[in-house]
Amino acid sequence: MASKYSMNDRPSWPRRAIVTAGEPYGNKGLHFGHVGGVFVPADFFARFLRDRLGRENVIFTSGTDCYGSPIMESYRKLKENEGYDKSIGEYVESNHSRQAATLNNYNISCDIYGGSGLEPAAQIHNEVTAEIIERLHEQGTISKRSTLQFYDAKAGTFLNGRQVIGRCPIQGCKSEKAYADECDLGHQFEPEELIAPKSQLTGEVPELRPVDNLYFDLPAYLDFMKTYTAKLAQNPQVRSVVSKTMEEWLLPAQLYIQNKFREAFDAVEDQLPEHTVLEPEGNKSSFTVTFPSWKERDDAHAVLANGGVRFRSGKALVPFRITGNIDWGVPVPEVDGVSDVTCWCWPESLWAPISYTRTVLARDAKAAGVTEGVAAQDAALMGEPAADSTQVPAPTYQHSSLDWRDWWCSDDAQIYQFIGQDNIYFYCIAQTAMWEALGWDLTQSTVSACYHLLYMGKKASSSSQTPPPPADDLLNHYTCEQMRAHWLSLGLSEKPVSFSPKAYDTRVTGKDKDGNEVRACDDKRVIDPALKESALLTGVFNRLARSCFYGVAVKEGDESPYRNGCIPAGAASDTVVEAAEQAALAFEQAMYKFETHRALAVCDDYLRAANKRWSDASKAANKLEGNEANAAMTQALVDAFTELRVATVLMHGIVPAGCELICEYFDIDPVAFFSWDNIFASTDEFVESLGEKPGEHRVKPLPPRFDFFSKHESQY
């Protein structure tokens, strides 16, 4: 907190907010990257907004992506290799339950963790999908397009996206895991551009056959996207990686051709559509061919291929696919003569948060007995989740409006989306243009894109020799709150960071007295990086909280006036008031910019300073006698309770369980306790707002040797 803040520096917040945390595929449980890289930061932000705006004004949505080729391919392999005998719907449901259980274990507080193909959201999502596709068609922005799709002649079937694998054709990308029309790094391309395609069903080279699908005219929004991206680059809330990645997709349609193909290129150049050639500079090994649009570039593919010229495509806006030719997907109404298709999983996952919002509001409407309006209509569509499925608990309160447009289309509402960096194209390019095309005044999202959470210094991969642990396995060695604090400290907003828990570190770090190799996980000399923040919780924060509650506890034989079981009345010292105000202001600034590591650092500095102030003041008071001692200790407790209350509010989104336990021992309603309406109030003012007199609010007696934050049992 080097900078000094004033009340005039406070950022502006919306009246209502939607927070989203993406949609994990429904073919597996959650690994630590899902939880630590996206869900925990999103949950921290959502909890902060509930405290800052009021819980009724925030909806935090996420859910399982139930459809798409990754799920179909995993399901196929499970049936063929392991004899799995249940339906694909049951397969997805079981994985959804696993995911929800993991989120519960990490205290992720979604208002809904739904599923695009699972009740209670499935029928509402189908309705929203139909509404959006029909609206885009009305607006003239989607149309039929015949494209090529991979077909495995040996298997006698069209191949879905993940049933084809090859190398990414996008210039500069080195991914060896490219599928039919996208690679694992988020690059989009046409199927015919995929390098060295191979069927995952038979290992054969598949054919390309024409199919009809619906496409959104994304290139028509190039000028809009350029203006929007330039504006985004000036927004202090948006990380530069977002606008810079978006700019990469707004370049002209280009092909890159190696110099060794120059003679072959020259031989067919006169057959190409309109284009310009940019000669290679310096030692570059390729030259660039630029076309007026994607259409001319696509027309050039066949000419170049027939001439024996190999090429790679540059990033550019191309039509965005809306439908696909697979059975397992959201049904799509017939449009432009295109029928018997389903919605491609990517576009429907972009509007899934709208479906989930409407499901939350339908649930509210049903509970309130509302019979009119969209929320009531959605309530009639809403089904019941499977009886044996695990759910993230629904909130017990009503939200401030049942109209989904008040959340998604209002000037006083904002959408905050937490995503991985690889998905910027979908959430910031495709979604932004579609929202504009719909003409519904949908609020464009403020996106928080995190870098990769690495594992032991490398990108996590389940196929590596040291695959990363599932998120739930970590809880065999660490507490949920230790993990939450550690992940939030890593600063994924700024760069990729390694998660290197000692419990899983198998490096050889020495030998024991018998000459046997010792691994890092068993080496007592090796400090655990994952416990870096633990001392703040189990030491510093615990100590301040215990000092406050034990300090005012009634004690037999001790007649000190502050030992009456109540928060003492009185004004906190100027130093304490200033420190509390500066901490709250600095914390709010960090949250506004999604700098969760800086927000945690503010709390760390504040708690350590508060502990030192308490230690110094209580020691000084103990050296005094009589009334002087009582007055000094009372003042020390007034200061400590002030700092504990502010610290607990700030830390609430980071370590919610422990903070809510502290609130329980304050014996104050959590809604009032955690509300930012009270964070700058003195303790006396806060107690008065509860309808009590200062000095008379009784706290809950704290048992002996009590911990608000504990180590994992394996750490003792």
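The values are calculated or read from the model by the stated rules, or taken from the named source; none is laboratory data. Here the structure is a predicted model, which is why all the values come from computation and not from measurement. Reconstructed Cβ throughout: ideal geometry from the backbone, glycine too, with neighbour counts over all protein chains shown.
Read through the list (1) over 21 Å from the mean Cα position of the chain (by Cα); (2) buried (at least 21 other Cβ atoms within 10 Å of the Cβ); (3) within 28 Å of Ala233 (Cα to Cα), then give the number of the only condition that Leu537 fails.
Looking at each condition in turn, Leu537 falls short on (3).
Just one of Tyr416, Tyr397 is crowded, with 16+ Cβ neighbours inside 10 Å, at negative phi and either at pLDDT 95 or above or not charged (D, E, K, R) (or both); which is it?
Just a single option satisfies the conditions, and that option is Tyr416.
Quick test for you: out of Gln200, Gln149, pick the one residue that is in the same structural domain as Ile326 (by TED's automatic domain parsing) and within 23 Å of Glu334 (Cβ to Cβ).
Matching residue, one of Gln200, Gln149: Gln149.
What's the total number of residues in segment 544-574 that are farther than 20 Å from Leu607 by Cα and either part of a loop (DSSP other than H, G, I, E, B) or not assigned by TED's automatic domain parsing to the domain that holds Lys619 (or both)?
The total comes to 16.
I want to confirm something. Restricting to segment 117-148 and keeping residues that are in contact with a strand residue (DSSP E or B) (Cβ under 6 Å, 6 or more places away or on another chain) and crowded, with 23+ Cβ neighbours inside 10 Å, which single residue is farthest from Trp346 (Cα to Cα)?
Ala121
Testing Val238 on (1) surrounded by 15 or more Cβ atoms within 10 Å (Cβ to Cβ); (2) over 26 Å from the mean Cα position of the chain (by Cα); (3) more than 16 Å from Ala430 (Cβ to Cβ), one condition comes back false. Which one is that?
Looking at each condition in turn, Val238 falls short on (2).
Being touching a Phe, Trp or Tyr at 6+ places or on another chain (Cβ under 8 Å) and closer than 30 Å to Met72 by Cβ: is that true of Pro331 here?
It is false that Pro331 is touching a Phe, Trp or Tyr at 6+ places or on another chain (Cβ under 8 Å) and closer than 30 Å to Met72 by Cβ.
Just a yes or no: is a residue in segment 612-628 among the aromatic types (Phe, Trp, Tyr) and under 26 Å from Glu688 (Cα atoms)?
yes
Where in segment 627-716 are the helices (runs of 4 or more DSSP H), entirely inside, with at least 2 residues that are surrounded by fewer than 18 Cβ atoms within 10 Å (Cβ to Cβ), of a type in the set (A, V, I, L, M, F, W, C) and touching a residue at least 40 places away in the same chain (Cβ under 8 Å)?
656-666
Could you tell me whether segment 342-365 includes any residue that is outside any helix (DSSP H, G or I), out of contact with any Cys (no Cβ under 9 Å at 6 or more places or on another chain) and without any contact (Cβ under 8 Å) to a residue 12 or more places away in the chain?
no
Looking at (1) over 27 Å from Glu595 (Cβ atoms); (2) surrounded by fewer than 19 Cβ atoms within 10 Å (Cβ to Cβ); (3) modelled with pLDDT of 90 or more, which is the one condition that is false for His477?
Status for His477: all satisfied but (2).
Which of the residues belonging to segment 28-44 are at pLDDT 95 or above and either surrounded by fewer than 23 Cβ atoms within 10 Å (Cβ to Cβ) or of a type in the set (Lys, Arg) (or both)?
Within segment 28-44, no residue meets the criteria.
Of the residues that sit in segment 296-330 and are within 27 Å of the chain's Cα centre (by Cα) and outside any loop (DSSP other than H, G, I, E, B), which one is farthest from Gly172 (Cα to Cα)?
Val330
Pick out the one residue from Leu214, Leu232 that is crowded, with 17+ Cβ neighbours inside 10 Å, touching a residue at least 12 places away in the same chain (Cβ under 8 Å) and in the same structural domain as Glu279 (by TED's automatic domain parsing).
The match here is Leu214.
Go through segment 118-150 and give me each residue that's among the small types (Gly, Ala, Ser) and out of contact with any Gly (no Cβ under 7 Å at 6 or more places or on another chain).
Selection gives Ala130, Gly140, Ser143, Ser146.
How do the pairs read when you match residues in segment 87-106 that are within 18 Å of Asp43 (Cα to Cα) with residues anywhere that are assigned to a helix (DSSP H, G or I) and not aliphatic (A, V, I, L, M), using Cβ under 6 Å and keeping only pairs 6 or more apart or on different chains?
Listed pairs, sorted by first residue: Thr102/Asp472; Tyr106/Cys480.
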